[in-house]
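Structure record follows, encoded as structure tokens.
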Amino acid sequence: MAVSPATMAAIRKSGAIPNAEFLLMAEGIRKEFPGVVALDDVSFRLKRGSVHALMGENGAGKSTLMKILAGIYKPDRGRVQLRGVDIRLDSPLDALENGIAMIHQELNLMAYMTVAENIWIRREPLNRFGLIDHGEMSRRTEELFHRLNIAIDPETPVKELSVANRQMVEIAKAVSYESDVLIMDEPTSALTEREVSHLFQIIRSLRGQGIGIVYITHKMNELFEIADEFSVFRDGKYIGTHSSKDVTRDDIIRMMVGREITQMFPKEDVPLGEIILSVKGLALGSTFRDVSFDVRAGEILGVAGLVGSGRSNVAETLFGVTPATSGTISIDGKEVAIDNPTTAIRHRMAFLTEDRKDTGCLLILDVLENMQIAVLQDKFVSNGFVHETAVAAACEDMCRKLRVKTPSLQERIENLSGGNQQKVLIGRWLLTNPRILILDEPTRGIDVGAKAEIHRLVTEMAKQGVAVIMISSEMPEILGMSDRIMVMHEGRVTGFLTREEATQVKVMELASH
Amino acid sequence: ETIGVSMALFDDNFLTVLRSGMQDYAKTLDGVTLQVEDAQNDVAKQQSQIQNFIAAGVDAIIVNPVDTDATTAMSKIASDAGIPLVYVNREPVNVDSLPDKQAFVASEEIVAGTLETKEVCRLLGGKGNVVIMMGELSNQGARMRTKAVHDVVAADECKGMKVVEEQTANWQRTQGADLVTNWLSSGIEFDAVISNNDEMAIGAIQALKAAGKDMKDVVVAGVDATQDALAAMQAGDLDATVFQDAAGQGKGALDAALKLAKGEEVDKKVYIPFQLVTPANVKDFVAKN
Amino acid sequence: MSSESLVKPDLKVKTAHRRRRMPPEMNIFLVLIGIALVYELLGWIFVGQSFLLNQQRLTIMILQVSVIGIIAVGVTQVIITGGIDLSSGSVVGMTAMLSASFAQSSTWPRALYPSLTDLPFFIPIGVGILAGLLAGYINGQLIAKTKIPPFIATLGMMVTARGISKWYTKGQPVSGLTEQFTFVGTSIWPVVVFLLVATIFHVALRYTRYGKFTYAIGANVQAARVSGIDVERHLVKVYAIAGMLAGLAGVVTAARAQTAQAGMGVMYELDAIAAAVIGGTSLAGGAGRITGTVIGTIILGVMTSGFTFLRVDAYYQEIVKGMIIVAAVVTDVYRQKKRAQR
Amino acid sequence: MSSESLVKPDLKVKTAHRRRRMPPEMNIFLVLIGIALVYELLGWIFVGQSFLLNQQRLTIMILQVSVIGIIAVGVTQVIITGGIDLSSGSVVGMTAMLSASFAQSSTWPRALYPSLTDLPFFIPIGVGILAGLLAGYINGQLIAKTKIPPFIATLGMMVTARGISKWYTKGQPVSGLTEQFTFVGTSIWPVVVFLLVATIFHVALRYTRYGKFTYAIGANVQAARVSGIDVERHLVKVYAIAGMLAGLAGVVTAARAQTAQAGMGVMYELDAIAAAVIGGTSLAGGAGRITGTVIGTIILGVMTSGFTFLRVDAYYQEIVKGMIIVAAVVTDVYRQKKRAQR
Ligand SMILES: Nc1ncnc2c1ncn2[C@@H]1O[C@H](COP(=O)(O)OP(=O)(O)OP(=O)(O)O)[C@@H](O)[C@H]1O
Ligand SMILES: Nc1ncnc2c1ncn2[C@@H]1O[C@H](COP(=O)(O)OP(=O)(O)OP(=O)(O)O)[C@@H](O)[C@H]1O
Ligand SMILES: [Mg+2]
Ligand SMILES: [Mg+2]
């Protein structure tokens, strides 16, 4: 017999928490989408005061399970227990009232509203006339931010925040619910190590308060620092749960992908060619300035920096999304004026953006349409007509190469898991056969196996003489893949490190200056 | 003098002739400027236009009412401001209690419908099936003309006539054509089409011809005596229409307004008669509208 | 190596020097001032009199758009949720007819319900407002329950409500209204009603949860839903309020004209939407303010009065009106972009 | 060790057994069939004849909506980009006037340009289409360059174009058109033009780069821009095409009526948008097909013919029409949801 959310909320408030071994328990969960079984008889148990990592390849069903626990999807079968009591979760509100809060994989903020309004929505403090007390709301936000050590003005509209700061706001919002269960679906995909370590401090203190935390990530290096337990999923099936003391990183990877991955960064040394791209004194208003660097054929230039250091802005300017206010860009020694992406593509550049939802996916269109859109600029088209079969074959080939998990090319990209969406977008640019490839957080939200795959592809591109600029907030990726690392801080380049001299400490020193 | 004119709507053939008549006449007068506004068939807009005229300090106002029931409020606004007001073409509801310095030059819509229907009755010899094409349902002219059809059909000498269908085609020619085609395809039999205006009547003729009907077998009647209608009549397609002296009404209204502005007395009511147009007298009207 | 040692806890929240933001409707207010001044100038040049220093004109400027304004307040809220309401003009027509039919005086020979004449004023007013509320409620239920696009739901209501007003008295106007009832349409009462309504919903949007929910749904309906907002229920509320305001507008229209006819309110929805958008409400949802809508409404009124004042030929009026609407929004967009760049 | 072997190769793109999807317009086609069958049934019961087995009726059903259909083809493309075109009805009025004024015959005593009569048919047709193209081009430029919302840009054009058609002949209708010109409006030529236009743009949307870009812009304009699409230029194209089709619709309207009047095309934009949305085009952009729009258009035509066939009282027609539009879309949404759940 399921208890209503209201009853449960009353139980929570009274503080009379019935004891049970597990805080949260899901059993025999099955969820089917048209053409896909996302979860098949899956079980999951969360202990109080612990951090439980959920592991699995892209599309394994992690987010789906969490969305069920957050009241967003209804399972086809199975039951959910909170502290040993069956509960029904028909809406996100039910979950929140039952003390389950979630940070979603795709950012879910109200762009036009301020940070404070976003955090306290539905729980705004009221004054004695029943009207919203904005001052009090701001104050509470500051208090919260202070506790979490976040430096964001509560009155900023969210649309003016960088992706990383938005993610911090999401985290703060989830924490503000003071829930018993906190689900974090890839909370750090846009964060650098500094913010990640903040987050871990927060998580530890929450864990100390007896809260149960579910943590999903594809960043393997984070895991052992924070997780107490691991559950592994594969293809919608539950594989097993282990204490973090009992397993190694390789064990987990083996459970996730079914076999060993030994070489994480298949970087091969490639003889460097001519300078292809040369940037001098590039500036964009007050956002960044004095950015100068060269990239050679076959070279992978890693770009490191803290969140908000302006790396993405530089990339956007290079590609003509936000044309530079001063400085020059030369390709093959010739100065070029790149004032929009169309021109950039004509110069055979490609740019994988950081925010796949806002500037990447054509969400309601299918995989094929998403993948082919950039290449149609100059290939597979004659007299305006698209060579359907040829382009479909090319896309299919690319999907196979990237191991995109999708029922078909005709599936809406919206229905793919986050990691698979990212692969499709990478495929979009690889198809254009670029000479200059700009990647902004290319493996954001990508599982280990696929990550190795993407790294291998990037290396291969470099081998063929492509100049690669790779922005990444993941230190091992930067260190493992780059020939040279450019470090930025507050809109300026603070230094270059060669592959040989680069270490995590040196990069961080330059990045925080 | 500046005279403010608020027309019910601009894109109506008949009212266009009235308006042009007024404007042409104003050009022949010295020192008379007309400020003509389009109320776009909106009562509230018309009322606001009158208030705007008052604010702009015109010497007199001519109103072609959108809704003749809304004239009480307008009369009050104008008389409170002390500015003369003349209603034109449509008879205001407060015709018998008009304040000082107000008058009207109008015609009774119901007469138009009566004239056309009586002619149809005559042509059919008092018996047969008729269909009615109505203008916009919310329009007063449409209502009055339609009512007239029913009144005539109920009269003794036309008892043999029967209204088999009545539908709206919103004054529009193509909608009229589509409506008649839809009737024909539904097997509705009729001997006469009585239309609230000429445009729909012409649409009916087009549809009947397209369906291969001989126009001698069907009586078609409209109202307005527009150029197109007179041409259709001369071609033997249209059997009756009704002429009202639009330009004359415009001229009369302006004269009245100017007199009132000068403080002179005018008749409170001026009725402009309708005239039936048939193939027999069509020549007399060709140059008129 | 633990990453903690790499982090300097150097994050301060700069609250003291928080950037003062100009309210976004400042821009469009300047546009309004600009238009008024141009008229003033042209007035002295061509007509030899002041445009603004005329009590009568200042009144009619707002009076003639106050019905549009009342609707626009409701429409603004609908647009903020990311929806649209095409039915408001027709609802004005329908509610004008309905309320007028209960406001007839016994001295009127053609009363629709001869036994229901001389009713106290609150009955016809209540009938009009409730009928509007009901129409809006149906819109809201349709949109929330069946998930059809607001455009279609309200288009359906637009056609249906217009049909009802024509059918109700078979096209006959309803006249002979009591003075008690028509009072609300006389003098500057419509303006008072408009500004009162605007104030109430300005407060509601800015200082109540109702308002926050409205913005949240428009900004990101997904996010609103996962924040625990019952999106469906809230949408019904918003559409019902918009319908209610259209009903109130219908009452005012009938009272002002001292009659009601089926053709009332045609195309008002477009003017109302234009007023909201000119005032900065984004059709994509999530942004907009009542103050902006009020200014947008007044721009429409000033424009109309100015045309008559400058004796602009009616044939050109529409052409110029179209261009001014576009120009006003262009100026606004341009100024906002410029400010954003700074 | 090569990394290929690292990942188990069980992820296949199943192309051979690609799930056969029913085209989404299948649903709305079934709705159309449903409506037709209901009429058929009611016909036998109340009128004692068949609704569908009537050559004449089948023709008029489409003929009476073919002008709406021509516009709707253009409007569909605009809506797919995430925009809207409110100006098409007014552009029909304007282009009808313009083209008719160059199509007058010398036998007509009151020709507007007495020296320009009896021109070959392609001149007035060209004038109408070009005028529409220009109006659409201006819409597109306004939207692309100044970034004002399409709703406002095309609302401005709606008001302006209507103003132009009233101003052009000061409200006088333009008649006495040559037979060469009116030919395109006779018999079933309007239907032919409609279906031809629909076919061309069906192909363009599905099989050309123009089409792919149109969908991409509607799905995510940011992403489209970053993918190298010159969004501004493409939008200008789409709006210009929509305007051109409205111009063509104006020509057909004038030819069909054998006259042109300033009031032609009023509210056609709403019928066209309704046809597109009934046919499955999403007002949020990114989704829609011409086949759906054609079906949506025909639904409107069938509905009208059905009313006359069943002799529905004129006063009820609009009420019922509004409800049918809503019901059609509800049924469609409901069926699609049900299919998605399977
Ligand atoms: N709304 C939906 N409609 C159809 N299929 C869906 C939907 N949501 C998820 N899926 C499918 O369900 C499967 C599981 O997706 P889910 O998002 O749970 O994966 P995940 O483990 O979170 O992957 P990632 O690590 O990439 O985020 C995937 O195959 C995905 O394509
Ligand atoms: N849309 C925006 N509006 C206003 N400011 C922005 C916007 N996007 C980014 N910024 C600001 O620009 C600065 C640089 O951001 P950018 O995204 O380029 O940094 P980054 O180094 O790539 O960091 P991240 O890892 O977050 O992508 C930050 O201070 C950020 O707050
Ligand atoms: Mg996921
Ligand atoms: Mg970045």
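The values are calculated or read from the model by the stated rules, or taken from the named source; none is laboratory data. Note that the structure is a prediction, hence the values are computed from the model and not measured. Note: ideal-geometry Cβ built from the backbone for every residue, glycine included; neighbour counts use all protein chains shown. In case anyone asks, the SASA skips ligands and DNA or RNA and just uses the protein heavy atoms, side chains included. Shrake-Rupley method; radii C 1.70, N 1.55, O 1.52, S 1.80 Å.
The set of residues in the range A:408-445 being more than 10 Å from chain D (Cβ to nearest Cβ) and within 16 Å of ligand 4 (Cβ to nearest atom) consists of A:Gln422, A:Ile438, A:Leu439, A:Asp440, A:Glu441, A:Pro442, A:Thr443, A:Arg444, A:Gly445.
Among A:Glu460, A:Glu453, A:Glu477, A:Glu411, which is the only one that is of a type outside the set (Val, Ile, Thr) and within 25 Å of A:Ser292 (Cα to Cα)?
On the way: A:Glu460 fails: within 25 Å of A:Ser292 (Cα to Cα); A:Glu453 fails: within 25 Å of A:Ser292 (Cα to Cα); A:Glu411 fails: within 25 Å of A:Ser292 (Cα to Cα).
Answer to the check: A:Glu477.
Evaluation of D:Arg311 against the conditions (1) without any contact (Cβ under 8 Å) to a residue 60 or more places away in the chain; (2) not in a helix (DSSP H, G or I) shows that the sole unmet condition is (1). When C:Met267 is tested against (1) farther than 30 Å from C:Thr182 by Cβ; (2) within 15 Å of the chain's Cα centre (by Cα); (3) within 11 Å of chain D (Cβ to nearest Cβ), exactly one condition is not met: (1).
Residues that are more than 13 Å from every other protein chain (Cβ to nearest Cβ), more than 16 Å from ligand 4 (Cβ to nearest atom) and either buried (at least 22 other Cβ atoms within 10 Å of the Cβ) or assigned to a strand (DSSP E or B) (or both) within the range A:301-344 comprise A:Ala324, A:Ser326, A:Gly327, A:Thr328, A:Ile329, A:Ser330, A:Ile331, A:Lys334, A:Glu335, A:Val336, listed in sequence order. The requirement of being open to solvent by 30 Å² or more (accessible area, probe 1.4 Å) and closer than 24 Å to D:Gln222 by Cβ is not satisfied by A:Ser382. For the range A:360-371, enumerate the residues that are facing chain D (nearest Cβ under 7 Å) and touching a residue at least 12 places away in the same chain (Cβ under 8 Å). Those that are facing chain D (nearest Cβ under 7 Å) and touching a residue at least 12 places away in the same chain (Cβ under 8 Å): A:Gly360, A:Cys361, A:Leu362, A:Leu363, A:Ile364, A:Leu365.
In the range A:210-223 there is no residue that is surrounded by fewer than 18 Cβ atoms within 10 Å (Cβ to Cβ) and either under 19 Å from A:His104 (Cα atoms) or free of Cβ contacts under 8 Å to residues at least 60 places away in the same chain (or both).
Out of the residues in the range C:153-196 meeting the condition of being away from every other protein chain (no Cβ under 12 Å) and of a type in the set (S, T, N, Q), tell me which one is surrounded by the fewest Cβ atoms within 10 Å (Cβ to Cβ). This residue is C:Gln180. Of all the residues in the range B:159-196, those that are open to solvent by less than 10 Å² (accessible area, probe 1.4 Å) and in a loop (DSSP other than H, G, I, E, B) number 3. Consider A:Ala393 carefully, then state whether it is of a type outside the set (D, E, K, R), buried (at least 19 other Cβ atoms within 10 Å of the Cβ) and within 10 Å of chain D (Cβ to nearest Cβ). In short, no.
Scanning the range A:108-140 for residues that are more than 7 Å from chain C (Cβ to nearest Cβ) and open to solvent by 30 Å² or more (accessible area, probe 1.4 Å) yields A:Arg123, A:Leu126, A:Asn127, A:Arg128, A:Phe129, A:Gly130, A:Asp133, A:His134, A:Gly135, A:Glu136, A:Arg139, A:Arg140. The residues of the range C:290-302 include none that are more than 20 Å from C:Val192 (Cβ to Cβ) and either within 11 Å of another protein chain (Cβ to nearest Cβ) or under 10 Å from the mean Cα position of the chain (by Cα) (or both).
Looking across the range A:160-213, just one residue is within 16 Å of ligand 3 (Cβ to nearest atom), modelled with pLDDT of 90 or more and more than 12 Å from every other protein chain (Cβ to nearest Cβ), and that is A:Met184.
Only one residue in D:Ser90, D:Ser115, D:Ser50 is surrounded by fewer than 21 Cβ atoms within 10 Å (Cβ to Cβ) and within 14 Å of chain B (Cβ to nearest Cβ). Which one? Steps first, answer last, please.
Values: D:Ser90 fails: surrounded by fewer than 21 Cβ atoms within 10 Å (Cβ to Cβ); D:Ser115 fails: within 14 Å of chain B (Cβ to nearest Cβ).
Going through D:Ser90, D:Ser115, D:Ser50 in turn, just one is surrounded by fewer than 21 Cβ atoms within 10 Å (Cβ to Cβ) and within 14 Å of chain B (Cβ to nearest Cβ): D:Ser50.
Scanning the range C:1-47 for residues that are open to solvent by 40 Å² or more (accessible area, probe 1.4 Å), of a type in the set (Val, Ile, Thr) and modelled with pLDDT of 85 or more yields C:Ile33, C:Val38, C:Ile45.
Any chance you could count how many residues in the range B:6-37 are within 11 Å of chain D (Cβ to nearest Cβ), in contact with a strand residue (DSSP E or B) (Cβ under 8 Å, 6 or more places away or on another chain) and among the hydrophobic types (A, V, I, L, M, F, W, C)? The qualifying residues number 7. Note on the range A:224-245: among residues that are charged (D, E, K, R) and more than 12 Å from every other protein chain (Cβ to nearest Cβ), the one that is most open to solvent (accessible area, probe 1.4 Å) is A:Lys245.
In the range A:51-95, counting only strands (runs of 3 or more DSSP E) that sit wholly within it, the ones holding 1 or more residues that are surrounded by 24 or more Cβ atoms within 10 Å (Cβ to Cβ), within 16 Å of ligand 3 (Cβ to nearest atom) and in the same structural domain as A:Phe33 (by TED's automatic domain parsing) span A:51-55.
If you check A:Phe385, A:Phe351 for being within 20 Å of D:Arg289 (Cα to Cα), more than 16 Å from ligand 1 (Cβ to nearest atom) and facing chain D (nearest Cβ under 10 Å), only one passes: A:Phe385.
Of the residues in the range A:442-457, at least one is among the basic types (Lys, Arg) and away from ligand 1 (no atom under 16 Å from the Cβ). Could we say that D:Ala255 is open to solvent by less than 10 Å² (accessible area, probe 1.4 Å) and within 14 Å of chain B (Cβ to nearest Cβ) here? In short, yes.
The number of residues in the range C:197-232 that are in a loop (DSSP other than H, G, I, E, B) and free of Cβ contacts under 8 Å to residues at least 60 places away in the same chain comes to 5.
If only residues of the range A:479-506 that are within 16 Å of ligand 4 (Cβ to nearest atom), within 14 Å of chain C (Cβ to nearest Cβ) and not in a loop (DSSP other than H, G, I, E, B) are counted, the one that is surrounded by the most Cβ atoms within 10 Å (Cβ to Cβ) is A:Val487. Under 22 Å from A:Glu160 (Cβ atoms) and within 15 Å of ligand 2 (Cβ to nearest atom) - does that describe any residue in the range A:267-284? Yes, the range A:267-284 contains a residue that is under 22 Å from A:Glu160 (Cβ atoms) and within 15 Å of ligand 2 (Cβ to nearest atom). Looking at this structure, is B:Ile50 part of a helix (DSSP H, G or I), in contact (Cβ under 8 Å) with a residue 40 or more places away in the chain and open to solvent by less than 20 Å² (accessible area, probe 1.4 Å)? Answer is yes for this residue.
C:Ile84 passes every criterion in (1) in contact (Cβ under 8 Å) with a residue 60 or more places away in the chain; (2) open to solvent by 10 Å² or more (accessible area, probe 1.4 Å); (3) not in a loop (DSSP other than H, G, I, E, B) apart from (3).
For the range D:199-218, residues that are over 21 Å from A:Thr389 (Cα atoms) and open to solvent by less than 30 Å² (accessible area, probe 1.4 Å) total 2.
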